[in-house]
1. Applying the selection to segment 192-203, what residues are without any contact (Cβ under 8 Å) to a residue 40 or more places away in the chain and assigned to a helix (DSSP H, G or I)?
2. With (1) more than 26 Å from the chain's Cα centre (by Cα); (2) more than 23 Å from residue 83 (Cα to Cα); (3) open to solvent by less than 60 Å² (accessible area, probe 1.4 Å); (4) at pLDDT below 80 as the list, and residue 129 as the residue in question, which single condition is left unmet?
3. Of the residues that make up segment 280-288, is at least one farther than 25 Å from residue 214 by Cβ, assigned to a helix (DSSP H, G or I), at pLDDT below 85 and open to solvent by 50 Å² or more (accessible area, probe 1.4 Å)?
4. Name, by its number, the condition in (1) open to solvent by 50 Å² or more (accessible area, probe 1.4 Å); (2) at pLDDT 85 or above that does not hold for residue 223.
5. Could you please find all residues in segment 245-279 being closer than 22 Å to residue 300 by Cα, modelled with pLDDT under 85 and either open to solvent by less than 40 Å² (accessible area, probe 1.4 Å) or not aliphatic (A, V, I, L, M) (or both)?
6. Applying the selection to segment 140-191, what residues are surrounded by 15 or more Cβ atoms within 10 Å (Cβ to Cβ), under 22 Å from the mean Cα position of the chain (by Cα) and not in a helix (DSSP H, G or I)?
7. It is to be established whether one or more residues within segment 202-210 are modelled with pLDDT of 85 or more, among the charged types (D, E, K, R) and closer than 22 Å to residue 122 by Cα.
Amino acid sequence: WCDTAQAACSYLRNILTTSALLRGAGVGEGAASPMAAAVAWVLRDGLGMAGSLLFSVAVGAGFDDNVKEWRLFADLINDVGLTLDMLAPLAGRGAAFTLVAAAGAACKTTCGMVAGATRASITAHFARASNLSDVSAKENAQETAVTLLGLVVGTLFASQLGEADSLATWLAFAALTALHVYFNWVGVGCLTFSWLNRQRADFVTHGWVVHGRVPSPAEVAGRERLWGPLWIWLAGPSMGAPLRNAGIPDAAHLKKLVGLYSSQRYLLTAREAGRLRRWLLGSRHVSISIVLRDDAGPDDALHALLQAAVLTHGEGGRRDRGQRAGGERGGGAGGGGG
């Protein structure tokens, strides 16, 4: 239901932003030139498409790693684009209007590209009975139904609000945007994936080292945070780090490290973190770098993360398990004495 609600919010806002763009392009004014309005519209679409292409080249390889985060990003960047569309008429006519409208179009086309890239993984998640085509067909039917409903409701909605620059229109747009963000946050947070990405692998290895067991997919999903990739980038370990950034001081240390990891497809180094990271993460934070060989696979990466978890949490994990075991033995002894 969250997906249906957020789609309805987007459709209603699209009506408001389309009205604002048409007014900004001069539609409805006797002095406006139809050709100038058409050129401004084409330039807006062209610059928007170019911006989305540059974005896809920059980050296209990372969509599969963080599906939930990128899906939420798609809707948030769409909110930014719709807001720019609403602001475009306030920039005046000519180049200023075209640039603001083009920035909004770039955000919206980026949303479409990112949402399409993540849709395959999300659809496969729901196709538990190998019924991918059936799930895709139902998703398309749902979108069509929401569009038809939005067509009717949106027409009544726009006629009640009046002009695109009125206070009521801006208040309605702000309320719909807030609802759109909320529904997306709840909907994306409900997804429970059974495969590992970097954030989920950290939770699994941490649970094994500290608590002595592997958490279930539902438990991992409950701990996931949509800002998790940013936190991992800051706190580490740094997976796939270049050898030059691993903190190896000289060739002698490198030779010793290669010999130590001769049976593995990775190298792991630990050193004192930089000043900024110690200030943000604590004075005892250790910076861990994992260098992968060309033939390393997912099992090697998971093994390296497990070793990093042992280095980071191992002592505390052994202490916690020892305390639990001692408590269980004590409880058993007390019961026997009674």
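1. 200, 203
2. Single failed check for residue 129: (3).
3. Checked against the condition, which is being farther than 25 Å from residue 214 by Cβ, assigned to a helix (DSSP H, G or I), at pLDDT below 85 and open to solvent by 50 Å² or more (accessible area, probe 1.4 Å), segment 280-288 yields at least one hit.
4. Failing condition for residue 223: (2).
5. Scanning segment 245-279 gives 245, 246, 247, 271.
6. Result: 191, single match.
7. Yes; the residues of segment 202-210 include at least one that is modelled with pLDDT of 85 or more, among the charged types (D, E, K, R) and closer than 22 Å to residue 122 by Cα.
Per-residue answers, yes or no, for (1) among the acidic types (Asp, Glu); (2) farther than 23 Å from residue 3 by Cβ; (3) in contact (Cβ under 8 Å) with a residue 40 or more places away in the chain:
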{"residue": "97", "(1), (2), (3)": "no, yes, yes"}
{"residue": "101", "(1), (2), (3)": "no, yes, yes"}
{"residue": "110", "(1), (2), (3)": "no, no, yes"}
{"residue": "121", "(1), (2), (3)": "no, no, yes"}
{"residue": "135", "(1), (2), (3)": "no, no, no"}
{"residue": "138", "(1), (2), (3)": "no, no, no"}
{"residue": "149", "(1), (2), (3)": "no, no, yes"}
{"residue": "172", "(1), (2), (3)": "no, no, yes"}
{"residue": "182", "(1), (2), (3)": "no, no, no"}
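The values are calculated or read from the model by the stated rules, or taken from the named source; none is laboratory data. Note that the structure is a prediction, hence the values are computed from the model and not measured. Cβ coordinates were reconstructed from backbone atoms using ideal geometry, including for glycine residues, and neighbour counts include every protein chain displayed. Please note that ligands, DNA and RNA were not included when accessible areas were found on the heavy atoms of the full protein model with its side chains. Shrake-Rupley method; radii C 1.70, N 1.55, O 1.52, S 1.80 Å.
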